[in-house]
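Heads up, the thing below is written out as structure tokens.
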Amino acid sequence: MTNERATVGVGMVGHAFMGRAHSQAWRSVGPFFDPPLTPVMAALAGRSAERTAAAARELGWASVETDWKELLRRDDVQLIDICTPGDSHAEIAVAALDAGKHVLCEKPLANTVEEAAAMVAAAERARERGIRSMVGFNYRRVPAIALAREMVAAGRLGTLRHVRAQYLQDWLADPGAPLVWRLQKDRAGSGALGDIGAHIIDVAQHVTGQRLTGVSGLTETFVKERPLVGGDGTGEVTVDDAAVFLARTDGGALATFEATRFAAGRKNALRIELNGSAGSLAFDLEALNELWFHDHTEDAATAGFRRILVTEPEHPYAGAWWPPGHLLGYEHTFTHQLADLLAAIAAGTDPAPSFADGLQVQRVLAAVERSAAGNGAWTAVEDG
Ligand code: SOE
């Protein structure tokens, strides 16, 4: 008799930035979270045999495929991790789910509402066979964000009035930055809106437990032509550089969102502030171990924002790592995501965020795009 843990063989598609982030999470989730299913990094898929083999060696994958479809034929792969640009998410996810593989798919779920809806249909079909799916909105698993959600749910903010969400980066402020795939609509779906706006939509809805019902948005492409990657000449930027929008929530709050790659000096500033009748919370990813809380029920003379260092064993996820005050970073969020995914697969429950949650975010993105096309006209978010 053996008491060895069950395993889940993982096949990952793509090995660029997100592939590297996910790989470190697959390597660390076992040692730190002791999940009920032990992941085995079975195979990495990428188009170039040489580059994929080099990435597999570096990142810890046992074998290589140059066609992701081969992963679906392998008996040693039970879970597909999709880390490719958005234009291939739907095809890979639907095929993987139909082949009976669990799926983790990077955000945004897809490039269009239609693709996302097809993915949800596949996820529902697969679910009947016990196959699970999850979309990778990793920032839900920042301990401070998870704590913020708990505090809102526990009523510490009272009735929510305002949601103020921003995702500020500056990597496109230089007009000489090249025309990478993230700047091409056919590859990425949209620009700052889908890439980083999707994150703040998910974080805002997740933390508040409320959904956006309507929006008024504007988008802009400040630099319309950029140098081609590794070649001569320039090409057209076909996505937004920045998106701003107002929204109403189904809980009666007013919300503002700003997503830009032109906020000079802001590198990865995902910020959210919530104001309620009983208090406020503020978070900035550039100081991700901290959550700021103002308790408005306290004596006004001494009340004020105080910093919670979210590294105590009582805090979400933090206890699995280091002693209090030994800070966590960006990469840990991906490990947390896998810990929750593996726990859900082992328990036979649905991990969150689901593909349906990803579709709902896609509907918000589509509403912002429609609104912006109408110069900010008020636009309802389509119901599921
Ligand atoms: C690029 O803008 C990017 O890497 C996003 O694609 C990620 O989702 C975000 O976490 C950081 O910024």
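The values are calculated or read from the model by the stated rules, or taken from the named source; none is laboratory data. Values in this document were obtained by computation on a predicted structure and should not be read as measured data. For neighbour counting, all protein chains shown are included, and Cβ atoms are generated from backbone atoms with ideal geometry for every residue, glycine included. Keep in mind that these areas ignore ligands, DNA and RNA; they rest on the heavy atoms of the full protein, side chains included. Shrake-Rupley method; radii C 1.70, N 1.55, O 1.52, S 1.80 Å.
Pick out the one residue from 147, 160 that is open to solvent by less than 50 Å² (accessible area, probe 1.4 Å), modelled with pLDDT of 95 or more and in contact with a Ser or Thr (Cβ under 8 Å, 6 or more places away or on another chain).
One residue alone meets the criteria, 160.
Could you say which residue among 330, 317 is away from the ligand (no atom under 15 Å from the Cβ) and open to solvent by 20 Å² or more (accessible area, probe 1.4 Å)?
Values: 330 fails: away from the ligand (no atom under 15 Å from the Cβ).
Checking each option against the conditions leaves just 317.
Being open to solvent by 50 Å² or more (accessible area, probe 1.4 Å) and of a type outside the set (Phe, Trp, Tyr) is true for just one of 76, 81. Which residue is that?
Testing whether each residue is open to solvent by 50 Å² or more (accessible area, probe 1.4 Å) and of a type outside the set (Phe, Trp, Tyr) leaves just 76.
Would you list the helices (runs of 4 or more DSSP H) that sit entirely within the stretch 14-114 and hold 3 or more residues that are in the same structural domain as residue 342 (by TED's automatic domain parsing), out of contact with any helix residue (DSSP H, G or I) (no Cβ under 9 Å at 6 or more places or on another chain) and within 16 Å of the ligand (Cβ to nearest atom)?
none
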